[in-house]
1. Sequence-distant or interchain residues sharing an amide H contact under 5 Å with Val29, placed H: which?
2. Going by amide H atoms built from the backbone, whose H comes under 5 Å of the H on Tyr76, apart from near neighbours?
3. Mind checking region 37-109 for GluC sites (Glu not before Pro) that DSSP puts in a loop (not H, G, I, E or B) and that have at most 13 other Cβ atoms within 10 Å?
4. Output ³J(HN,Hα) for region 118-129: one whole-Hz value per residue in order, computed from phi by the Karplus curve 6.51 cos²θ - 1.76 cosθ + 1.60 with θ = phi - 60°, and x for Gly and Pro.
5. Mind checking the angle between helix 62-74 and the chain's longest principal axis? C-alpha axes, 0 to 90 degrees, to the nearest 10.
6. Apply the Karplus curve 6.51 cos²θ - 1.76 cosθ + 1.60, θ = phi - 60°, to the phi angles in region 32-40 and return the couplings in whole Hz, x for Gly and Pro.
7. Would you order Met22, Met128 from fewest to most other beta-carbon atoms within 10 Å of each residue's own beta-carbon?
8. Net charge near Lys119, counting Lys/Arg +1 and Asp/Glu -1 over other residues with Cβ under 9 Å of its Cβ?
Amino acid sequence: MRNIAGLPRTGRPAKPDVAYRMRPGAYAVLIRGRDILLTRQITDDIDELQLPGGGIDPGESPLPALIRELREETGYTATIRRRIGGYRDFTYMLEYGFHAQKICHVYLGQPGLRLGAPKESGHCAVWMPITEAAQALASCGSRQILKALLRRA
């Protein structure tokens, strides 16, 4: 298993007897006033708030992947300004059926137009005060990055 230099691990540590696939992803902190755009994912197994974004497909670059994921999960376009952090997370990805070392790159931006409803089943766009979101996000890594951003503001 590779250690990704400079990216802290959040959440549970890797299990030594499990083979993890590398799964790079790009996620967005999109702020409008004092609110942030989140996605709420609801399936048979989960109901959680997340930063919008997701996996970077083979041959895809992070920013085009992020714009694609934003549209799929929230229905919004966005302008991405800069990368603000990242983290690693070891998890079982039920929807894909494998254990993953998620390499999460987080970007700061502004929401654009809402082009319609989310295209991805089980997702809906949620606006929330950024201070509440820093507590409500399901991902420990996302919460940490959001809290660090609030401290710098």
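Bear in mind that the values in this text are calculations on the coordinates, not laboratory data. It should be emphasised that the depicted structure is a prediction, and the values quoted were computed from it without experimental measurement. Quick reminder, even Gly has a Cβ in these numbers, built from the backbone with ideal geometry, and neighbours come from all protein chains shown.
1. Tyr107, Leu108, Gly109
2. It is Leu115, by chain and number.
3. Sites meeting the loop and neighbour criteria: Glu95.
4. x, 7, 8, 4, x, 10, 9, 7, 9, 9, 8, x
5. 60 degrees
6. Running phi through 6.51 cos²θ - 1.76 cosθ + 1.60 with θ = phi - 60° gives 10, x, 9, 10, 10, 8, 10, 10, 9 Hz.
7. Met22, Met128
8. Net charge around Lys119: -2.
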